[in-house]
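Heads up: the structure comes next, in C-alpha cells.
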Amino acid sequence: MCLIVFAWRPGHSQPLVVAANRDEFHARPSLPLGCWEDAPWIVGGRDLQAGGTWMGITTSGRFAALTNIRAPGQPTGLRSRGELPEHFLRADLQPADYLAEMAERRGDYAGFNLLVGDHQALWHFNSQSGLATVLEAGVYGLSNAGLDTPWPKLKKARAALVGELDKPNPERLLALLADPQPAAEHELPQTGVPLAWERRLSSIFIISPEYGTRASTALIRHADGALDILERSFGPDGPSGEVRYHHPPRD
C-alpha cells in the first residue's frame with residue numbers, strides 16, 4: 001500500500017473503516033482480493049513475486065496493512081516486507097506481542113509502516129523509529145513516511161474520509177481514492193526522487209504506463225463481526241476487475 005486512510009472507532013457500530021490504494025509496478029504479478037487457498041480465514045490480495053500481502057483481514061477480525069517508507073538509498077532488505085502483515089494474520093499473538101517480537105528483526109527489511117490490530121486495539125509500527133504505538137480513537141493516514149505526515153494527498157484523502165463517516169459506503173470510499181489530481185508544485189514533498197516522479201506520486205490515484213495504482217480497497221469492519229470489502233483492480237490501460245466480499249455477523 002502507498003496510501004491508507006482509516007478511522008479507528010472502538011465502541012462504534014463500525015469500528016474500522018479503511019480506504020487504501022496499493023501502488024506498484026504493473027509488471028509485478030499479484031492476485032486480487034480473495035480468501036487464500038492455504039488459509040481460507042485470511043481475506044486479501046497476494047503478491048506472487050515474493051509472497052505475502054500489503055493488506056488483509058481475517059474472518060475473526062485481525063487486520064494488518066503495510067506501506068513502504070520512501071527513502072532512496074536505503075538498504076534493499078534481506079526479506080520481503082509483505083510477509084509482515086501475512087505473519088500477523090496467520091498468528092494468534094496479541095498485536096503488542098507481535099510487534100515486540102517483530103521489532104527485533106526489523107533490520108531485515110527495507111523501511112516500512114505496519115498496522116496490526118484486532119477487535120480490541122489497533123497499533124502502528126514505524127521501522128525507522130522502532131516505535132510501536134497503540135492508536136487512540138480517531139482518523140489517520142499513512143503514505144510513504146510517518147503516520148499522518150502531512151503530504152497533500154494524505155491530507156486530502158483523510159479529509160474526504162471524514163466526510164463519509166456518518167454513513168460509510170464502499171462505493172463512495174472508492175470514489176475518494178480515484179482522485180488523479182497531482183499536488184501543486186510548491187506543495188510537493190521532497191523525498192529524494194526526481195521532480196517528475198515526485199509530481200507523479202503526489203496524487204491519490206497514480207497513473208503511468210509502468211507504475212501506478214494497482215488496487216483500490218474499501219473495507220468496513222462492523223462491531224458484530226460482519227465484514228464488507230470492495231476492491232477494484234487496475235492495469236496500465238485502466239480498470240481490470242472488481243471483487244466484493246461480505247462476511248456475515250457472528251452468531
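The values are calculated or read from the model by the stated rules, or taken from the named source; none is laboratory data. What you see is a predicted model; the values in this text were computed from it and never measured. Methodologically, a virtual Cβ is constructed for each residue, glycine included, from the backbone with ideal geometry; neighbour enumeration extends over all protein chains shown. Keep in mind that these areas ignore ligands, DNA and RNA; they rest on the heavy atoms of the full protein, side chains included. Shrake-Rupley method; radii C 1.70, N 1.55, O 1.52, S 1.80 Å.
Summary table
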read-out	value
Mean projected area in nm² (Cα convex hull; one quarter of hull surface) for segment 190-251	5.8 nm²
Histogram of C-alpha separations across segment 1-128, 5 Å bin width, %	2, 10, 22, 24, 22, 14, 5, 1, 0
Positive-end residue, segment 2-247 charge dipole about Cα centroid, Cβ charges, pick of Thr76, Gly34, Ala157	Ala157
Structure-based [θ]222 nm, the chain - -39500 (n - 2.57) summed over DSSP H runs of at least 4, per residue, nearest 500	-4500 deg cm²/dmol
Descending semi-axes in whole angstrom, ellipsoid equivalent of segment 18-83, from the Cα gyration tensor	22, 13, 12
Percent of Cα pairs exceeding the 24 Å cut-off, where the set is segment 2-247	41 percent
Amide hydrogen neighbours beyond the local backbone of Tyr211, cut-off 5 Å, H modeled	His26
Probe 1.4 Å - accessible area at Ser30, Å² to nearest ten	40 Å²
Debye intensity ratio I(q)/I(0), log10, segment 148-214, q values 0.11, 0.14, 0.26 Å⁻¹ (C-alpha model)	-0.29, -0.45, -1.17
Inter-centroid distance (Cα atoms) of segment 156-180 relative to segment 29-100, Å	24 Å
